[in-house]
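S.K.: Please read through the structure below; I'll follow up with questions.
Where a number appears in this text, it was derived from the coordinates with a stated rule and is not lab data. Because the structure is predicted, anything quoted here is derived from the model rather than measured. Counting neighbours? That spans all protein chains shown, and the Cβs are built from the backbone with ideal geometry, glycine included.
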Amino acid sequence: MKINENIKGNEIKVTAKVTGKRQITIPKEICEMLGIDTGDKVIFVEKNNKIIFRKEIDKMICPICDGTGDIEEIECFFCKGKKEIPLRYNSTLYYLINIVMNDARKYNIAITVINQQINEDNSVVILDKPKIIVNSSNISDEKIKEINLKLQELI
Ligand SMILES: [Zn+2]
């Protein structure tokens, strides 16, 4: 196994030799870069005449649009119309906050996270399970209620 490394600006070029059984060893630095560990699956995707090599991430059907890709005929804000979400985002709260940070304007989505409860005696209790409430003027009140129930179940 011979590895030649050539780093040019942000472009990293690493070569690996193919064995008689068409096997290659993924260079350590590539594994580190892509977060590839023993037992992980990798995927080769053809795009514009190039092969993209990446770690395969397990996906699940979007629970918010039930895999249809849209909510009331508008692209689903949760899966962004992709009908599925990567499993690494099974922390729904993190996923949602991320969406709101990046695409709030695009999807016209607002999110409220409530992680505390103030009692009558003014004492504050931090909730084990935060409450999340999503809102959007693009989606009917009825549908928003349904979405919020689904989200709460996911957290
Ligand atoms: Zn969706």
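S.K.: Using the eigenvalues of the Cα gyration tensor, what equivalent ellipsoid semi-axes result for the chain when each is taken as the square root of five times the eigenvalue, whole Å, largest first?
M.R.: That gives 42, 20, 14 Å for the three semi-axes.
S.K.: Sticking with this structure for a sec: Sorted from fewest to most neighbouring beta carbons within 10 Å, what does the list Cys65, Cys79 look like?
M.R.: Cys65, Cys79
S.K.: Okay, next question. Calculate the FRET efficiency for Val14 and Ile61 from the Cβ-Cβ distance with a Förster distance of 30 Å, rounded to the nearest 0.05.
M.R.: About 0.25, to the nearest 0.05.
S.K.: Continuing with this model, one more query. When the helix-only estimate is applied to the chain (DSSP H runs of n ≥ 4, each -39,500 (n - 2.57), divided by the residue count), what is the mean residue ellipticity at 222 nm, nearest 500 deg cm²/dmol?
M.R.: Roughly -7500 deg cm²/dmol at 222 nm, from the helical runs in the chain.
S.K.: While we're looking at this one, here's another question. Compute the distance in nm between two label points, each set 7 Å from the Cα along the Cα-to-Cβ direction, one at Asn138 and one at Asn98.
M.R.: For Asn138 paired with Asn98, the spin-label model returns 1.9 nm.
S.K.: Can you give me the relative contact order of segment 90-139 as a percent, contacts being Cα pairs under 8 Å and 6 or more apart?
M.R.: With pairs under 8 Å counted, the relative contact order is 34 percent.
S.K.: How much length is gained on full extension from Val113 to Gln152, taking 0.36 nm per residue of separation minus their Cα-Cα distance?
M.R.: This chain segment gains 12.9 nm when fully extended.
S.K.: So how much slack lies between Asp128 and Glu84, counting 0.36 nm per residue of separation and subtracting their Cα-Cα distance, in nm?
M.R.: Gain on stretching Asp128 to Glu84: 13.1 nm.
S.K.: On a 0 to 90° scale, report how tilted helix 141-154 is relative to the longest principal axis of the chain, with both axes built from alpha carbons and the result rounded to the nearest 10.
M.R.: That works out to roughly 60 degrees.
S.K.: If you find the alpha carbon centre of segment 53-106 and of segment 136-155, how far apart are they in angstrom?
M.R.: 14
S.K.: Here's something else I'd like to know. Under the classification rounded if a/c is under 1.5, otherwise prolate if a/b is larger than b/c and oblate if not, where does segment 56-130 fall, given a ≥ b ≥ c as square roots of the Cα gyration tensor eigenvalues?
M.R.: Prolate, since a/c reaches 1.5 and a/b exceeds b/c.
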